[in-house]
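J.: Submitted below is the structure of interest, expressed as structure tokens.
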Ligand SMILES: Nc1nc2c(ncn2[C@@H]2O[C@H](COP(=O)(O)OP(=O)(O)O)[C@@H](O)[C@H]2O)c(=O)[nH]1
Ligand SMILES: [Mg+2]
């Protein structure tokens, strides 16, 4: 098979897949996480293409970029090298991959609410079995259906049978495809093979492309005439539910009942950290006694405005938490010098220098444009020739010199504005801003990898907490969570009042109760708005508008409380998988826990987690031809 | 639900940051100008329904963030756009030079037959002008698109610009509809109409 393999090309892949059962040759990889790839034969036998299933363990390919088909980087600037991306070649790859030709696979079964997929040979013996670590096998099954002749058993809708090409059912289906005249549309195949992982981003893009292809296939223009569109709608309405159900029986209710979170505890906000509390924590040399206690108090109630200015310097890593009073005095002196030295660097540029330094000049012009559009409704920044705007600009320009690689990115002025408003001191504000930027740097990087990751993580968390809503968003072209972009880029700066944003940020800066707590707050808001979001089949446009218009209407204290409750639900969940843990900075505990997740008490597991038992009984798999509900009706409905 | 319009057009505003996209859109949708405006983060849209030759046309106009780095997110919205306003600032040479890049960006991300229009904004700032009207016209000719100089602040020709673009899209669309199918009664559907049963699209794709 190794040699034959060269004649195949990859046409589909999905990541995050745990090998649960395998032939003896690959038993050592059981419980390893890897990637499933489907290959098609390169030979143009058209209808008689061959397909091959491959699974390979994870450490071979770590490519963080492939899932983001929507995020094709279009900037002209050289991408910065990222240690986590890129392919690490491994000379032993071939020996570690599990490859099975689809000639041998005769059927497959979907179990555990779509989270487990098992392949069988002609005598109904298990060939291999996989657990889908995040999400389910819907996309993979869909891809298989696109290319193989597949029917379902009437008695067991979870069992799929792969037909030989000479079976009468196949011939009939083929005819209907021919009549549709879009079977060989390669663009269609192209997007199927682009569906990556359970990354909803991938599938989202794919679905959107389908609509385009369907339009263009049917009448050759982007504007389908009404007859075509109506016909299309009718046939889809008739078929829609049936197909979805036969394809993924558990798509609707399955996800939500796959497991349940423990009940949510109610939390309330406490009083802000007061001056007395703060002072009582300082020893004679001005050192804080119990930093964790302080941080916890801040998380629970924020900081009283009277000491905010001082406390933020700690929260933003300008002052080390362990510093003494005199150390801080010395530090401020040093930092002051450093700041003004950097400021002088750009202030002393001549006009000529600037003209010869296009990169710099562009940044400067961007800063000027944004400063003029930053919080101008606040009295502090209002009016023409406002001195504070000048300071805002000076700090941002000095930051450009401090971190020239990053430069100025839109949104930064939003992050600086409340800091300067509070500090009222250019130098202090600068160093606090540096501390804030260090926390959110990845949001602003040129490849936007940080933002992509956050949006993906947000969806993973939402899927864990409210799978129905998460699924709804995917089905309504919102799985990429783009509509939360502004929330995450500037930490809700545009959604909250100045006072609220300050109270919110200081909570987030504590790092309690977990990292990325702002994502849980986002989950809390989405869940809070779930009825509105899912109302009247809202789609992408409506959802974006709705979310944008939440600006100024959020009860952030309530959302923090809810998010805290959600955190404890997740943390206490028996089913917490390793796809969620790292997002919140919780230790990854290996795959054992995942098994308990997969085999939730809500259904009887028919696969032993040890992988030594046969997957299911022979009677379950063997089916007679009259039981087969072949889905040829699908084709003819479009005729 | 009764339809209050005959057509829905999805339009897009693109161009460098600070050229006045958001202000142009605000002028068109609310007929106002506000100097305290914030910069655009991410993406948003506004709606205005206009009357054009007896047809009610709902314009859904998308406003994007201009900085290069965010193009990764903004280009995701090019899909399905039927008209694109390319905006530059007549007082900013660089924003005019960048129009070429924006056009390339459109070619890579938007549908090939999208209607385009070039807009030179801030035209009331005559004393600060860096890009002559002739250069704007010339560039438009080069790309075979229409050109208008506008001012969101002084409310100059903003209406004209959107009406012109909408009319061109309408003409093109009706021509296509006629070519493929003689007109009939009832409402027309446009590709950007919200899909009522998106799951069916999904299922459809799995079957093809
Ligand atoms: N003088 C003048 N200024 C304008 C005009 N349109 C926008 N501006 C200003 O240009 C700046 C950027 O405008 P904005 O709409 O935010 O630009 P965008 O980044 O392209 O959305 C703001 O300070 C506006 O006040 C105009 O027609 N004339
Ligand atoms: Mg804008």
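The values are calculated or read from the model by the stated rules, or taken from the named source; none is laboratory data. Remember, predicted model here, so these are calculated numbers, not experimental data. Cβ coordinates were reconstructed from backbone atoms using ideal geometry, including for glycine residues, and neighbour counts include every protein chain displayed.
J.: Which one is nearest to residue B:130 (Cα to Cα), of the residues in region B:93-113 that are more than 8 Å from every other protein chain (Cβ to nearest Cβ) and assigned to a loop (DSSP other than H, G, I, E, B)?
T.: B:98
J.: Name the residues in region B:44-71 that are under 25 Å from residue A:367 (Cα atoms), assigned to a strand (DSSP E or B) and more than 10 Å from ligand 2 (Cβ to nearest atom), would you?
T.: Matches in region B:44-71: B:45, B:62.
J.: If you don't mind, there's one more thing I want to ask. I'd like the residue in region A:135-157 that is closer than 11 Å to residue A:110 by Cβ and out of contact with any strand residue (DSSP E or B) (no Cβ under 7 Å at 6 or more places or on another chain) and, out of all such residues, is farthest from the other protein chains (Cβ to nearest Cβ).
T.: Applying the filter and picking the extreme gives A:156.
Residues checked against (1) outside the structural domain of residue A:138 (by TED's automatic domain parsing); (2) within 15 Å of residue A:98 (Cβ to Cβ); (3) at pLDDT below 80; (4) surrounded by 19 or more Cβ atoms within 10 Å (Cβ to Cβ):
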| residue | (1), (2), (3), (4) |
| --- | --- |
| A:3 | no, no, yes, no |
| A:8 | no, yes, yes, yes |
| A:13 | no, yes, no, yes |
| A:28 | no, yes, no, no |
| A:33 | no, yes, no, yes |
| A:37 | no, yes, no, yes |
| A:40 | no, no, no, yes |
| A:46 | no, no, yes, no |
| A:49 | no, no, yes, no |
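J.: Could I ask something else about it? As an exercise: evaluate residue A:502 against (1) more than 14 Å from chain B (Cβ to nearest Cβ); (2) in a helix (DSSP H, G or I); (3) within 21 Å of the chain's Cα centre (by Cα) and give the number of the one condition it does not meet.
T.: Just one mismatch for residue A:502, condition (3).
J.: Continuing with this model, one more query. I'm trying to understand the selection: among the residues of region B:1-38, which are assigned to a loop (DSSP other than H, G, I, E, B), within 14 Å of chain A (Cβ to nearest Cβ) and more than 14 Å from ligand 1 (Cβ to nearest atom)?
T.: B:1, B:3, B:6
J.: Now, a different point. So which residues in region B:1-26 are over 14 Å from the mean Cα position of the chain (by Cα) and more than 9 Å from ligand 2 (Cβ to nearest atom), if there are any at all? Before the answer, list the steps.
T.: As a first pass, look at region B:1-26 and keep what is over 14 Å from the mean Cα position of the chain (by Cα): B:1-7, B:16-19.
Within region B:1-26, B:1, B:2, B:3, B:4, B:5, B:6, B:7, B:16 meet the criteria.
Every residue, every condition in (1) in contact with a helix residue (DSSP H, G or I) (Cβ under 9 Å, 6 or more places away or on another chain); (2) buried (at least 17 other Cβ atoms within 10 Å of the Cβ); (3) closer than 22 Å to residue B:176 by Cα, yes or no:
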| site | (1), (2), (3) |
| --- | --- |
| B:32 | yes, no, no |
| B:38 | yes, yes, no |
| B:47 | yes, no, no |
| B:53 | yes, no, yes |
| B:72 | yes, yes, no |
| B:75 | yes, yes, no |
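J.: While we're on this one: Given the conditions (1) surrounded by fewer than 23 Cβ atoms within 10 Å (Cβ to Cβ); (2) under 17 Å from the mean Cα position of the chain (by Cα); (3) more than 30 Å from residue A:309 (Cβ to Cβ), which single one is not true for residue A:480?
T.: The failed condition is (1).
J.: Given the structure, is residue A:501 closer than 30 Å to residue A:306 by Cβ, surrounded by fewer than 23 Cβ atoms within 10 Å (Cβ to Cβ) and either modelled with pLDDT of 95 or more or in the same structural domain as residue A:566 (by TED's automatic domain parsing) (or both)?
T.: On the way: closer than 30 Å to residue A:306 by Cβ: yes; surrounded by fewer than 23 Cβ atoms within 10 Å (Cβ to Cβ): yes; either modelled with pLDDT of 95 or more or in the same structural domain as residue A:566 (by TED's automatic domain parsing) (or both): yes.
Yes.
J.: The conditions are (1) assigned to a helix (DSSP H, G or I); (2) within 14 Å of chain A (Cβ to nearest Cβ); (3) surrounded by fewer than 20 Cβ atoms within 10 Å (Cβ to Cβ), and residue B:167 fails exactly one of them. Which is it?
T.: Just one mismatch for residue B:167, condition (2).
J.: Assuming residue B:36 fulfils every condition listed in (1) out of contact with any strand residue (DSSP E or B) (no Cβ under 7 Å at 6 or more places or on another chain); (2) more than 12 Å from ligand 2 (Cβ to nearest atom); (3) at pLDDT 90 or above apart from one, which condition is it?
T.: Unmet condition: (3).
The rows are residues; the columns are (1) at the interface with another protein chain (Cβ under 7 Å from one of its Cβ atoms); (2) modelled with pLDDT of 95 or more.
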residue	(1), (2)
B:153	no, yes
B:183	no, no
B:187	no, no
B:200	yes, no
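J.: Could you count how many residues in region B:115-130 are surrounded by fewer than 21 Cβ atoms within 10 Å (Cβ to Cβ) and part of a loop (DSSP other than H, G, I, E, B)?
T.: Total satisfying the criteria: 4.
J.: What residue, among those in region B:77-95 that are surrounded by fewer than 24 Cβ atoms within 10 Å (Cβ to Cβ) and farther than 26 Å from residue B:9 by Cα, is nearest to ligand 1 (Cβ to nearest atom)?
T.: Filtering first and then ranking leaves B:91.
J.: Here's something else I'd like to know. Scan region A:413-437 for residues that are closer than 21 Å to residue A:344 by Cα and within 11 Å of chain B (Cβ to nearest Cβ) and report the count.
T.: 1
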